[in-house]
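K.L.:
Structure incoming, see below.
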Amino acid sequence: MELWNIFDTEWVPVGAWVESLLQWVVANFRFIFQAIKVPFDIVLTGLEDGLTQAPDLLILTLIVLVAWQAGGRRLGLISLACMTAIGLMGAWEESMTTLSIVLTCVVFCSLIGIPLGVVAAKNNRFWMILQPLLDLMQTIPSFVYLVPIVMLFSIGNVSGVIVTFIYALPPVVRLTNLGIRQVRADMVEAARAFGASNRQTLYKVELPLAMPTIMAGVNQTIMMALSMVVVSSMISVTGLGQMVLRGIGRLDMGLATVGGLGIVFLAIVIDRTSQSFGISARDRGHKKWYETGPVGAVRGLMKKG
Amino acid sequence: MSEAQIECRDLWKIYGRRADEAMKAVLSEGLSKEEVRDRYDCVLGVRDASFSVKKGEIFCIMGLSGSGKSTLVRHVNRLIEPTSGEIHVAGQRVDTMNENQLRQLRAETIGMVFQHMALWPHRTLGDNVGFGLEVRGVDLEQRRKASEIALEAMDLGGWIDHYPDQLSGGMQQRVGLARALAADPEILLMDEPFSALDPLIRRQLQDQFLDLSAHMDKTTLFITHDLDEAIRMGDHIAIMNDGEIVQIGTPEEIVTNPKDDYVAEFVKGISRVGLVRAETIMDKLDGREPTGKQVGLNAELGEIIEHFMEDQSPVTVISPDGPAVGQITIKSALTALRG
């Protein structure tokens with residue numbers, strides 16, 4: 001052995017260890033991971049069935065109405081244009097699959113991320129432990145955990161949601177933590193001074209005041225989920241990502257472009273709509289949500305009639 | 001009746017991880033603030049504070065920022081836990097209460113007003129004012145009624161469905177007051193309520209509050225860094241410095257008889273005209289003939305000086321039941337005016 005080049009030898013066989021650890025986990029605990037899949041599966045299947053099987057124009061109308069309600073008439077029109085473009089390009093079915101994967105991911109990220117963020121904001125030690133984990137989840141290249149995910153959860157759309165979930169969870173946790181910590185101390189103190197319990201303070205004062213920041217986190221999570229669409233298609237997740245991947249594989253520039261444009265248009269619609277949810281009532285001139293948008297218009301008509 | 005509504009006995013607050021050790025050391029060795037900081041890495045917030053507030057009076061705690069006055073007042077509803085000492089409020093002992101009793105006390109017995117209003121921007125004025133009732137589970141209709149009454153008392157009747165950011169600073173602080181009064185508490189804690197307002201509005205709110213408290217029979221603990229305000233508002237004043245209560249007394253006592261240089265420095269620029277009374281500055285009559293000019297024992301310096309405008313002969317002080325008890329020369333009146 002040459003002393004000057006000691007690193008030619010692999011001294012610590014991390015690869016082999018991980019390999020055997022993974023084999024062992026797969027052999028003995030696969031059922032646990034299969035059980036974890038179940039809730040993801042239920043939500044995803046429900047959304048996907050709904051979005052793909054309903055008439056296209058009905059879904060288009062619904063999306064436009066939601067966008068209008070959330071962000072006003074302008075956003076409604078933008079959404080109409082984007083979604084119509086997707087449909088005319090022939091990517092409607094795929095975009096619905098992608099949309100359902102992204103939405104499922106957002107549901108679980110919010111369901112798990114927001115409570116984690118709240119606990120992190122209340123407990124410094126927990127936050128100290130959580131922070132490096134979140135860093136790890138964000139920085140480790142997603143290709144690295146594609147293989148173990150496939151081995152533990154097998155391939156398909158549900159595994160795609162889980163991969164995306166790991167990648168997209170951190171922002172909502174971070175921004176929830178930040179949002180709660182940023183609530184002015186005297187707001188919280190006032191709530192306590194009038195006899196509110198910790199729970200009441202959280203629900204009536206801290207969460208509402210942190211909501212714009214939390215929604216910014218949810219928005220980031222959505223955007224990260226969208227950016228995973230192509231990567232996750234490598235474990236045979238269907239949808240727009242698969243169009244892109246197939247296009248690359250077959251050097252079919254047209255197919256890749258259609259998929260890519262589809263992702264962009266979908267991203268515009270989801271991003272703007274979810275951002276609009278984060279604007280507080282104060283910044284909308286203290287109008288209740290049901291006083292604006294299509295719901296407001298319908299209510300207006302009913303009052304006149 | 002001289003029953004104390006709020007009473008703190010030997011209250012200490014030391015911040016830091018080794019507060020208990022530091023507390024013991026302070027008691028046995030009498031360490032100073034600096035020694036506590038250097039030796040135990042702890043901050044002395046309140047040092048051996050004792051005071052009592054009678055029912056119905058306004059008790060001002062006056063001190064500069066960092067003197068511990070805000071810390072002290074937060075012990076009364078235990079937003080801050082005391083390191084040692086006893087707190088009694090409305091006949092109940094606060095420092096040993098459990099969480100539930102404490103929440104009930106805060107919701108029902110003590111109302112609080114904050115320096116920067118601390119109104120919740122996402123709630124309407126009605127929901128702000130009704131918060132204390134809401135967390136106690138009072139139903140919406142009753143809450144709204146109580147909010148309406150409280151806002152009405154602050155001349156904000158029509159604003160119940162508006163939001164705090166639609167109001168001016170003075171109006172916001174009136175909402176703060178309405179919120180504190182909504183549950184009809186016996187005790188008000190006011191933490192520099194008017195100091196963020198401009199002078200004219202501050203004056204108006206002071207008057208409005210004095211007027212209000214005159215016929216509401218609430219016990220008020222009023223924090224301020226402004227001695228003028230303390231003198232205007234307070235039946236009694238406690239002066240704080242460095243976490244310690246330096247002197248407690250009526251405004252007149254504080255101004256005419258400052259206990260040390262620190263207090264003396266404060267009262268230097270304060271006008272004595274509406275403060276010093278005849279009784280404080282009169283000399284014994286000692287057989288001298290009473291003059292024609294007469295004032296009561298409680299006559300203020302301003303009134304006395306008025307008598308000297310005509311001629312400079314001494315003024316006679318008479319007791320409420322008739323006989324002359326003393327006299328004031330122009331010299332002693334002017335001396336008192338100078339301070």
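The values are calculated or read from the model by the stated rules, or taken from the named source; none is laboratory data. Quick caveat: nothing in here was measured; it's all calculated off a predicted structure. All Cβ positions, even for glycine, are placed from backbone atoms using ideal geometry, and neighbour counts span all protein chains on display. Ligands, DNA and RNA are excluded from the accessible area calculation, which covers all protein heavy atoms including side chains. Shrake-Rupley method; radii C 1.70, N 1.55, O 1.52, S 1.80 Å.
K.L.:
Would you mind checking which residues have amide H under 5 Å from B:GLY45's amide H? H placed 1.01 Å from N; only 5 or more apart, or other chain.
P.N.:
B:LYS13, B:ILE14, B:TYR15
K.L.:
Per DSSP helix of 4 or more residues, -39500 (n - 2.57); summed, then divided by the residues of chain B. What does that give at 222 nm, rounded to the nearest 500?
P.N.:
Value at 222 nm, helices only, nearest 500: -11000 deg cm²/dmol.
K.L.:
Continuing with this model, one more query. Beyond a 25 Å Cα-Cα separation, which of these cross-linked pairs lie in this structure: B:LYS145/B:LYS218; B:LYS33/B:LYS54; A:LYS304/B:LYS145; B:LYS293/B:LYS331; B:LYS33/B:LYS218; A:LYS204/B:LYS218?
P.N.:
With Cα atoms farther than 25 Å apart: B:LYS33/B:LYS54; A:LYS304/B:LYS145; B:LYS33/B:LYS218; A:LYS204/B:LYS218.
K.L.:
Quick one: net charge of B:TYR262's neighbours, Cβ under 12 Å, K/R +1, D/E -1? It would help to have the intermediate numbers written out before the result.
P.N.:
Details: positive: B:LYS259, B:LYS268; negative: B:ASP242, B:GLU244, B:ASP260, B:ASP261, B:GLU265.
With Lys, Arg at +1 and Asp, Glu at -1, the net is -3.
K.L.:
Still on this structure: So how much accessible surface do A and B hide from each other in total, probe 1.4 Å, in square angstrom to the nearest 100?
P.N.:
2200 Å²
K.L.:
Using θ = phi - 60° and the Karplus relation 6.51 cos²θ - 1.76 cosθ + 1.60, list the HN-Hα couplings for segment A:106-121 in order, rounded to whole Hz, with x at every Gly or Pro.
P.N.:
5, 4, 6, 4, 5, 4, 9, x, 5, x, 4, x, 5, 4, 4, 5
K.L.:
Rounded to the nearest 500, what is the 222 nm mean residue ellipticity of chain A from helices alone, with -39500 (n - 2.57) per DSSP H run of 4+ residues and division by all residues? Write out the running numbers ahead of the final one.
P.N.:
On the way: 13 runs with 243 residues, N = 305.
Taken over chain A, the calculation gives -27000 deg cm²/dmol.
K.L.:
Here is a follow-up. What does the average come to when, for each residue of peptide A:163-172, you count the partner chain Cβ atoms lying within 10 Å of its Cβ?
P.N.:
Working: counts 0, 0, 0, 0, 0, 0, 0, 0, 0, 0.
Mean number of neighbouring Cβ atoms from other chains: 0.
K.L.:
Collect residues whose amide H, placed 1.01 Å from N in the peptide plane, falls under 5 Å from the amide H of B:LEU188; neighbours closer than 5 in sequence don't count.
P.N.:
Long-range HN contacts for B:LEU188: B:GLY111, B:THR219, B:THR220, B:LEU221.
K.L.:
Measure out, as a whole number of angstrom, how far apart the alpha-carbon centroids of segment A:232-274 and segment B:284-339 sit.
P.N.:
Each part reduced to its Cα centre gives a spacing of 97 Å.
K.L.:
Ok, one more. Can you tell me how much longer the chain between A:HIS286 and A:ALA81 gets when fully stretched, taken as 0.36 nm per residue apart minus their C-alpha distance, in nm with one decimal?
P.N.:
Net length gain for the segment: 70.9 nm.
K.L.:
For peptide A:194-207, what's the mean number of Cβ atoms from other chains within 10 Å of each residue's Cβ?
P.N.:
5
K.L.:
Taking H as built 1.01 Å from N, whose amide H comes closer than 5 Å to the amide H of B:MET240, not counting residues under 5 places away?
P.N.:
Placed amide hydrogens put B:MET62, B:GLY63, B:VAL246 under 5 Å from B:MET240.
K.L.:
When only DSSP loop residues count, what trypsin sites (Lys or Arg not before Pro) in segment A:189-272 have their Cβ near at most 13 other Cβ atoms within 10 Å?
P.N.:
Values: sites: A:ARG192, A:ARG199, A:LYS204, A:ARG246, A:ARG250, A:ARG272; in loops: A:ARG250.
Qualifying residues, ordered by number: A:ARG250.
K.L.:
What does DSSP give for segment B:277-339 in terms of the percent of beta bridges that are antiparallel, rounded to the nearest 5?
P.N.:
70 percent
K.L.:
Karplus couplings for segment B:239-253 from phi (6.51 cos²θ - 1.76 cosθ + 1.60, θ = phi - 60°), rounded to Hz, Gly and Pro as x?
P.N.:
3J(HN,Hα) across segment B:239-253, in whole Hz: 9, 10, 8, 6, x, 10, 7, 7, 8, 10, x, 6, x, 5, 4.
K.L.:
Here is a follow-up. Solvent-accessible area per residue for the protein assembly as shown at a 1.4 Å probe radius, Å²?
P.N.:
49 Å²
K.L.:
Treating cross-link reach as a plain straight distance, find the aspartates and glutamates whose alpha-carbon is under 14 Å from the alpha-carbon of A:LYS37, omitting any fewer than eight places away in the same chain.
P.N.:
none
K.L.:
Okay, next question. What net charge is computed for the residues neighbouring B:GLU134, neighbours being all others with C-beta under 10 Å from the C-beta of B:GLU134, Lys and Arg scored +1, Asp and Glu -1?
P.N.:
Cβ neighbours under 10 Å give a net charge of +2.
K.L.:
Hey, got the dipole for the protein assembly as shown? About the Cα centre, +1 on K and R Cβ, -1 on D and E Cβ, debye to the nearest 20?
P.N.:
2060 debye
K.L.:
Here's another thing I want to ask about it. Go through segment B:55-60 residue by residue and turn each phi into a ³J(HN,Hα) via Karplus (6.51, -1.76, 1.60, θ = phi - 60°); whole Hz please, and just put x for glycine and proline.
P.N.:
So the J values, rounded to whole Hz, are 4, x, 9, 9, 10, 9.
K.L.:
Among B:GLY30, B:PHE59, A:MET253, whose Cα lies farthest out toward the positive end of the dipole of the protein assembly as shown, if unit charges sit on the beta carbon of Lys, Arg (+1) and Asp, Glu (-1)?
P.N.:
A:MET253
K.L.:
Continuing with the same structure: Taking just the alpha carbons, could you work out the radius of gyration and Dmax for chain A, both in angstroms?
P.N.:
Calculated on Cα positions, Rg and Dmax stand at 22.9, 93 Å.
K.L.:
Let me ask something else. Looking only at other chains, what is the average number of their beta-carbon atoms within 10 angstrom of each beta-carbon in B:112-123? Don't jump to the answer; show the numbers that get you there.
P.N.:
Working: counts 5, 2, 5, 1, 4, 2, 9, 3, 8, 7, 11, 3.
Per-residue shielding by partner chains comes out at 5.
K.L.:
State the percentage of accessible surface on the protein assembly as shown attributable to carbon and sulfur atoms; use a 1.4 Å probe and exclude ligands, DNA and RNA.
P.N.:
The value for the protein assembly as shown is 58 percent carbon and sulfur by accessible area.
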